[in-house]
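This report refers to the structure that appears directly beneath it.
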Amino acid sequence: MELPLFAMLQRTPRVALTLSLVLFSLTIAPALYSFLANPTIPLLISSSETDGPFPSDHMHPSVRILPPVNSPIPAPLNLTRHRKSSYHSPPVTTSTLRTQIRDDEQRCDLFKGEWIPNEESPYYNNATCWAIQEHQNCMKFGRPDTGFMRWRWKPDGCDLPIFDPNEFLEMVRGKSMGFVGHWHYRPSVYYENNTIIGCHYCQLPNISDFSMFYGYRKAFRTAFKAILDSETFEGVMYLRTFAPSHFEGGLWNEGGNCLRKGPYQRNETQDDVTMKLHKIQVEEFERAEVEAKRKGKRFRLLDTTQAMWLRPDGHPSRYGHLPEANVSLYNDCVHWCLPGPIDNLNDFLLAMIKREEEKGLLAQVRKMMS
């Protein structure tokens, strides 16, 4: 005869105690933590990429002290996360209790949605954050508009909570994280079996010139293979798809610029290069994911390209340097202003980490109940 749950628990005190602790961690503990949390400003994650004559996309700035000069701090700038917004959307909050991802949100596609107004942002500026690299410090160099800072990503069918640095640091306590950049626009020489088979932008005699798409695909396939072949890697591999550039009126070295003041509508079609690079990333990820599942490894996709494609207004343009500066990328439509749309990548990352953690907790409950 099948016993009811409470009877099973009475006969198995160890299971009851364990289940109680799990439920406590899912309900009571987050509530207590929300009273203790005191969020300040978003954590900025370093990228190892450097500037050069060929564009490369940055995720976040590296550490550098830059006092604000030449332009006033835009006003009003609200540095709290709790002011009410005039936009009637789901409330923006960072408390652990309010940001718990529910079962329906586990099934929600975080990367399909649109940008909606967020008058609570920005949560920092070039006076309160010393980690903004100069070429991304648009307020310092006089960018006159501030509307590009006042948007947030809203997935269809669920909400994407604003990044909470305290919660993030608590979740990754005792863990290691690594970030890998790429330079697919830069000159490259391609080797196979210690032999040069081609290059890109190299102009070497008697060497075939391959497109950057060849090296781009090879780079991801090689990186995924290294992780799949590792016998010691037991973590989670997240592929964050690339953030596209937005040159209009010409290429980066032909007078192209990015002067828009707001996001695209959600149905704006990506350009051919963006679509092809994104397609390569997703194809290589899905190819590797098949083997990852077979080997019990966890591969996850942060498919942020479409969200960032809709933000042509978020680049520095000419506001990443002094007007008279002699720089190779004068109108910068590759990197991103800070504060700006690129901050939302933190929101995506934290949401994905939380989903991974909750999958683990739910799996423990299911195992105990089976």
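Taken over the range 114-138, residues that are closer than 17 Å to Arg318 by Cβ and open to solvent by 10 Å² or more (accessible area, probe 1.4 Å) amount to 3. On the basis of being under 19 Å from the mean Cα position of the chain (by Cα) and under 19 Å from His135 (Cα atoms), does His315 make the cut? Considered against the rule, which asks whether it is under 19 Å from the mean Cα position of the chain (by Cα) and under 19 Å from His135 (Cα atoms), His315 comes out as yes.
If you go through the range 265-274 and keep only what is in a helix (DSSP H, G or I) and open to solvent by 100 Å² or more (accessible area, probe 1.4 Å), you end up with just Asp272.
Note on the range 288-341: among residues that are β-branched (Val, Ile, Thr) and closer than 30 Å to Thr232 by Cα, the one that is least open to solvent (accessible area, probe 1.4 Å) is Thr304.
Quick one: which residue in Gly147, Gly174, Gly157 is under 24 Å from Cys258 (Cβ atoms) and surrounded by fewer than 14 Cβ atoms within 10 Å (Cβ to Cβ)?
Numbers: Gly174 fails: under 24 Å from Cys258 (Cβ atoms); Gly157 fails: under 24 Å from Cys258 (Cβ atoms).
Being under 24 Å from Cys258 (Cβ atoms) and surrounded by fewer than 14 Cβ atoms within 10 Å (Cβ to Cβ) holds for just one of Gly147, Gly174, Gly157, which is Gly147.
Please tell me if Val189 is under 23 Å from Leu239 (Cβ atoms), at pLDDT below 95 and open to solvent by 20 Å² or more (accessible area, probe 1.4 Å).
On the way: under 23 Å from Leu239 (Cβ atoms): no; at pLDDT below 95: yes; open to solvent by 20 Å² or more (accessible area, probe 1.4 Å): yes.
Criteria not met by Val189.
Kindly indicate which of Ile162, Ile116, Ile132 is in contact with an Asp or Glu (Cβ under 8 Å, 6 or more places away or on another chain), under 18 Å from Leu345 (Cα atoms) and β-branched (Val, Ile, Thr). Going through Ile162, Ile116, Ile132 in turn, just one is in contact with an Asp or Glu (Cβ under 8 Å, 6 or more places away or on another chain), under 18 Å from Leu345 (Cα atoms) and β-branched (Val, Ile, Thr): Ile162. Can you tell me how many residues in the range 194-252 are in a loop (DSSP other than H, G, I, E, B), over 30 Å from Asp313 (Cα atoms) and out of contact with any Pro (no Cβ under 9 Å at 6 or more places or on another chain)? Of the residues in that region, 13 qualify.
Working carefully through the options Gly181, Gly215, find the one that is surrounded by 11 or more Cβ atoms within 10 Å (Cβ to Cβ), touching a residue at least 40 places away in the same chain (Cβ under 8 Å) and among the small types (Gly, Ala, Ser). Before you say what the answer is, go through the steps one by one.
On the way: Gly215 fails: touching a residue at least 40 places away in the same chain (Cβ under 8 Å).
Exactly one residue qualifies, and that residue is Gly181.
Inclusion of Gly262 among residues that are on the phi > 0 side of the Ramachandran plot and part of a loop (DSSP other than H, G, I, E, B) is not warranted.
Please specify each residue of the range 275-284 satisfying the condition of being open to solvent by 10 Å² or more (accessible area, probe 1.4 Å) and farther than 26 Å from Ile116 by Cα. Walk me through how you get there before you give the answer.
Quick first cut of the range 275-284, residues open to solvent by 10 Å² or more (accessible area, probe 1.4 Å) only: 275-276, 278-279, 282-283.
Across the range 275-284, the qualifying residues are Lys276, Lys279, Val282, Glu283.
Do you know which residues across the range 280-317 are basic (Lys, Arg) and free of Cβ contacts under 8 Å to residues at least 40 places away in the same chain?
Taking the range 280-317 and keeping what is basic (Lys, Arg), we get 287, 293-295, 297-298, 300, 311.
Lys293, Arg294, listed by residue number.
The single condition among (1) outside any helix (DSSP H, G or I); (2) within 19 Å of the chain's Cα centre (by Cα); (3) farther than 21 Å from Pro244 by Cα that Trp153 does not satisfy is (3).
Looking at this structure, is Phe299 out of contact with any Gly (no Cβ under 9 Å at 6 or more places or on another chain) and in a helix (DSSP H, G or I)? When the stated conditions are applied, Phe299 does not pass them.
Contact map, the range 343-357: first residue within 10 Å of Leu302 (Cβ to Cβ), second residue part of a helix (DSSP H, G or I), Cβ cut-off under 6 Å, separation 6 or more or different chains; the map is empty.
The values are calculated or read from the model by the stated rules, or taken from the named source; none is laboratory data. These numbers were taken from a predicted model, which means no experiment stands behind them. Methodologically, a virtual Cβ is constructed for each residue, glycine included, from the backbone with ideal geometry; neighbour enumeration extends over all protein chains shown. Areas reflect the complete protein model, heavy atoms only, side chains present, ligands, DNA and RNA absent. Shrake-Rupley method; radii C 1.70, N 1.55, O 1.52, S 1.80 Å.
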